[in-house]
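Okay, structure first, notes after.
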């Protein structure tokens, strides 16, 4: 029953809901708000993300990003969402589900970011709570994986609050801010959660 309240559909793709947030597929009309929030949050986000390209916040780069997201959506290999507060539609951040694998694996990976003004306010916990039913019910997957830097205590707390369990450490797992870095690996199994 909760699943039916948490996922709807629009012309652009699925729309997901948490308690106070809404997630939807990005569109060209999101560029200005996205670029402004990312620019304001650059210093905050840089330690946790891949190195930004020279044109990271340009309209052309955003269009390339949208084309990539649309390709993944069509091929059902990934789903990118922007995160909005329901009551005023303020853009808060984003979540991506990537590397959707079928066959014997039935899993995908989750990545997320939140703008600096909205960090540590529970929005990402709420958003991931809205994504979980989509992953397990709509997509029918068995496993949701996440990775974060060992020093990212806020991200670790979000994962733990949403039911993820730590599974280990991957050496030089991702290139973050231009440097290969170890990551803590987390996973949530379908049978681990109640949504």
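The values are calculated or read from the model by the stated rules, or taken from the named source; none is laboratory data. Quantities reported herein were computed from a predicted structural model and do not represent experimental measurements. Glycine also receives a Cβ, built like all others from the backbone with ideal geometry; neighbour counts cover every protein chain displayed.
Please go through the stretch 164-188 and pick out each residue that is touching a strand residue (DSSP E or B) at 6+ places or on another chain (Cβ under 8 Å), touching a residue at least 40 places away in the same chain (Cβ under 8 Å) and either more than 15 Å from residue 128 (Cβ to Cβ) or surrounded by fewer than 16 Cβ atoms within 10 Å (Cβ to Cβ) (or both).
Result: 174, 175, 185.
Count of the stretch 125-138 residues, restricted to those that are without any contact (Cβ under 8 Å) to a residue 40 or more places away in the chain and more than 18 Å from residue 20 (Cβ to Cβ), is 1.
When 132, 128, 95 are checked against the criterion of being in contact with a helix residue (DSSP H, G or I) (Cβ under 9 Å, 6 or more places away or on another chain), assigned to a strand (DSSP E or B) and buried (at least 16 other Cβ atoms within 10 Å of the Cβ), 95 stands alone in meeting it.
When 43, 56 are checked against the criterion of being in contact with a helix residue (DSSP H, G or I) (Cβ under 8 Å, 6 or more places away or on another chain) and not in a helix (DSSP H, G or I), 56 stands alone in meeting it. Flag not set for residue 37, criterion: surrounded by 13 or more Cβ atoms within 10 Å (Cβ to Cβ), at pLDDT 95 or above and closer than 22 Å to residue 137 by Cβ. Only residues that are surrounded by fewer than 16 Cβ atoms within 10 Å (Cβ to Cβ) and closer than 22 Å to residue 119 by Cα were counted across the stretch 58-89, and they come to 4.
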